[in-house]
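Peer 1: Input: one structure, supplied below.
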Amino acid sequence: MSNEVTNSGGESGGSGQSQVEPRSANGGRRRASAALVAAGLIVVSATLYAVNVYRINAGHDRFEKACQVAAREGDWDYMRQVAEEWLAWTPGHADALWRAAEAAQQQDRHGDLVEILAQIPSTDPNFVYGLAEKAGVEWSELNSPLNALRTSEQVIGSEPRHTDSHSRVISFYAMTLQRVDMLRAIRRAIQAGAEPRESYCYLIMADILSFTNAAEQNQRWLRGAPDEARFKVALAVTTAMDVISGMETSPTAEMIELSQQAQKQLAGFLETYPNDSVLLSFLLYRAYRGGDIERVSELLTQVSGNAAEDHMVWVIRAWYHTQVEEYEDAEKAIQQAIRLHPLSPLAHHEYANLLRVQQRPEVEREQRLAAYGRELRSEILLQPSAVDLSPALLLKIQSYADSCGDTETASALGARF
C-alpha cells in the first residue's frame, strides 16, 4: 500500500511536472495577451481622449471665431445667439459667459448683464473684474442699491485691495448717515491699504454727516428699494437738516411750516423705528445743541444695538453726565467716545469741558485737539468735494491723527499720500 502510494505519488509528481510547464506557458501567454489588450485599451482611451479634447477645443474655437465676426460687424444679436449655443454645448464656460456679457452690455440689457456676470466662475482670472462690473451696473443703471452693496462687499471679500469697491461702500454708508458702518468700512479699507482719498474727509466730518446731495441720493435709492427703512430714515433726517439750515439763514413763515412738518415726520419715524441708530443720533444731537437735558435723558434710554457703537451717542452721554455732575460716568462715556473715534473734534471738546469743570491740567491738550479738529472741518467744508483734499490738507490731517493717538490713520496717510 505504501509503495502504491509512493508510486502513485511519484507518478503524480512526474505527471504534474510534465503537465505544469504547458499550463505555465499558457498562463503567461494569457497574461501577455491581457497586457497587450490593456495597453491597447489605454492607447484607444488616450486616442479617444485626445480626439475628444480636439473636438472640444475645435468647438470652442468655432464659437469664439463666430463671436469675433459678430463683434467686428457689431451684430450683437448674433453674438448673443452664438454665446447661448456655446453655453448650451458647454454650460458655465467662462469665455462664453464673457461673450454673452459683452453682447448684453452693447445692447444695454442691464438686467441680463448682471445675471450673466453673476455666473462667472470664481476660478476665472477676471472673476473680481466681473463682480466689480456687476456692482457698477447695480449702483447705476439698475438702481439696485442693496444688491449693489452686497456685490461690492463680495468684491472686497475676494480682493481686499479693490479701492473702487471700498469707495462705493464707504460712500453708501456716508450718504445714508450710517456713521458706525461708515467708520468700520473706512478702517477696513485703511487696514487693507486700499482706502480712497475721501476716507479722510469722512473721518474728520464723522461727527456731523451732512452732504448737499444726500437727500437726492436717498430719494433715488428709495425708488429702487421702496420698503427699505434706512433710506426712509436717511431721507427724513437729511430733509430736516436742509430745513434747519434754511431756518438759520431765512426764518420765513414757509420755513417755519416746513420745520414743523419735518419734526412731525421724524416723530412718526421714531414711533416706527424707536431704536434706529441714525434717527436717535440725529435727535440726540438736536437736543444736545438745544441744551435739552430731559430730552437727551429720554432718548438715551432708547439706545441699543448699533447706536451703542456710535461715538456721538457717547459724546452726548458724557455731556449729559457732566451736566448732572456725574463726573465719573462722564469720564467713562467720553473715553469710550474717543476709543470709538479718536478723531472726533466734538469728543475732544466735551472732554475739555469735563476737565475744565474738574479743574484738571489736561484741559489745555484737549482744547487744542478740539480746536485743531474744528479747523480741519472748516477747511474741508470749503473743498469742492470730498475727493478734493489737497496734499497740504492731508498732511494736516496726518498731524491731527498723530496728535490724537490714532497711529493707524497717521501711518496710512504717511504711506499712501
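Throughout, read-outs are computed from the coordinates displayed, never taken from laboratory work. Treat the numbers as computed from the prediction; the structure is a model and nothing was measured. Reconstructed Cβ throughout: ideal geometry from the backbone, glycine too, with neighbour counts over all protein chains shown.
Peer 1: Which listed residue (M312, F172, Q106) has the Cα farthest towards the positive end of the charge dipole for the chain, taking +1 on Lys and Arg C-beta and -1 on Asp and Glu C-beta about the Cα centre?
Peer 2: Value: Q106.
Peer 1: Dipole magnitude of the chain about its Cα centre, charges +1 at Lys/Arg Cβ and -1 at Asp/Glu Cβ only, in debye to the nearest 20?
Peer 2: 1100
Peer 1: Rounded, prolate or oblate, given the Cα gyration tensor of the range 326-379, with a/c below 1.5 counting as rounded?
Peer 2: oblate
Peer 1: In whole Å, how far is the Cα centre of the range 270-295 from that of the range 203-234?
Peer 2: Each part reduced to its Cα centre gives a spacing of 17 Å.
Peer 1: Sticking with this one: For A118, what is the net charge nearby, where nearby means another residue's Cβ is under 15 Å from its Cβ and Lys, Arg count +1, Asp, Glu -1?
Peer 2: Charge balance in the 15 Å sphere: -3.
Peer 1: Any idea how far apart Q302 and E153 come out in nm if each label point goes 7 Å out from Cα toward Cβ?
Peer 2: The answer from the label model is 2.6 nm.
Peer 1: Could you go through the range 329-344 in sequence order and give the Karplus-derived ³J(HN,Hα) for each residue, using 6.51 cos²θ - 1.76 cosθ + 1.60 with θ = phi - 60°, rounded to whole Hz, and x for Gly and Pro?
Peer 2: For the range 329-344, the Karplus-derived couplings read 5, 4, 4, 4, 5, 5, 5, 5, 4, 6, 5, 5, 8, x, 8, 6 Hz, x marking Gly and Pro.
Peer 1: Provide the FRET efficiency to the nearest 0.05 for the A229-H110 pair, computing r from the beta carbons and using R0 = 25 Å.
Peer 2: Result of the calculation: an efficiency of 0.45.
Peer 1: With only Lys, Arg, Asp and Glu charged, each at its Cβ (+1 for the first two, -1 for the last two), find how big the charge dipole of the range 214-273 is about the Cα centre; round to the nearest 20 debye.
Peer 2: 200
Peer 1: Among rounded, prolate and oblate, which fits the chain when a ≥ b ≥ c are the square roots of the eigenvalues of its C-alpha gyration tensor, a/c under 1.5 means rounded, and a/b larger than b/c means prolate?
Peer 2: In terms of gyration-tensor shape, prolate.
Peer 1: Report the gain in length on full extension from N143 to I208: 0.36 nm times residue separation, minus Cα-Cα distance, nm rounded to one decimal.
Peer 2: So the chain would gain 20.7 nm between N143 and I208.
Peer 1: Any chance you could check the Cα centroid distance between the range 69-94 and the range 311-346 for me, in angstrom?
Peer 2: So the separation of the two Cα centres works out to 62 Å.
Peer 1: Classify the range 214-273 as rounded, prolate or oblate from the Cα gyration tensor: take a ≥ b ≥ c as the square roots of its eigenvalues, call it rounded if a/c is under 1.5, otherwise prolate when a/b beats b/c and oblate if not.
Peer 2: In terms of gyration-tensor shape, oblate.
Peer 1: May I ask you to derive the relative contact order of the range 214-273, considering only C-alpha pairs under 8 Å and at least 6 residues apart, and to give it as an integer percent?
Peer 2: Result for the range 214-273 is 30 percent.
Peer 1: Turning to a different aspect of this structure: Taking 0.36 nm per intervening residue step and subtracting the Cα-Cα distance, what contour gain separates T249 from Q81 on full extension?
Peer 2: Here the segment from T249 to Q81 would lengthen by 54.4 nm.
Peer 1: Let me ask another. Lys/Arg Cβ at +1, Asp/Glu Cβ at -1, dipole of the chain taken about the Cα centre: which of T409, M79, F211 is farthest positive-ward?
Peer 2: Result: M79, furthest along the dipole toward the positive end.
Peer 1: Follow-up question, since we're still on this one. Report, in deg cm²/dmol and to the nearest 500, the calculated mean residue ellipticity at 222 nm for the chain, where each DSSP H run with n ≥ 4 adds -39500 (n - 2.57) and the sum is divided by the residue count.
Peer 2: The helix contribution divided over the chain gives -26000 deg cm²/dmol.
Peer 1: On to the next question. Under a 10 Å cutoff between Cα atoms, tell me which one of R317, R356, R197 has the largest fluctuation in the Gaussian network model of the chain.
Peer 2: R356
Peer 1: Contour minus end-to-end for Q265 and R220, with contour as 0.36 nm per residue of separation and end-to-end as the Cα-Cα distance?
Peer 2: 14.3 nm
Peer 1: Next question. Once phi is turned into ³J(HN,Hα) by the Karplus curve 6.51 cos²θ - 1.76 cosθ + 1.60 with θ = phi - 60°, what whole-Hz value does each residue of the range 92-97 show in order, with x for glycine and proline?
Peer 2: x, 5, 4, 4, 5, 5
Peer 1: Please state the charge dipole magnitude for the range 158-280, taken about the Cα centre, from unit charges on C-beta atoms (+1 on K and R, -1 on D and E), reported in debye and rounded to the nearest 20.
Peer 2: Rounded to the nearest 20 debye, it is 440 debye.
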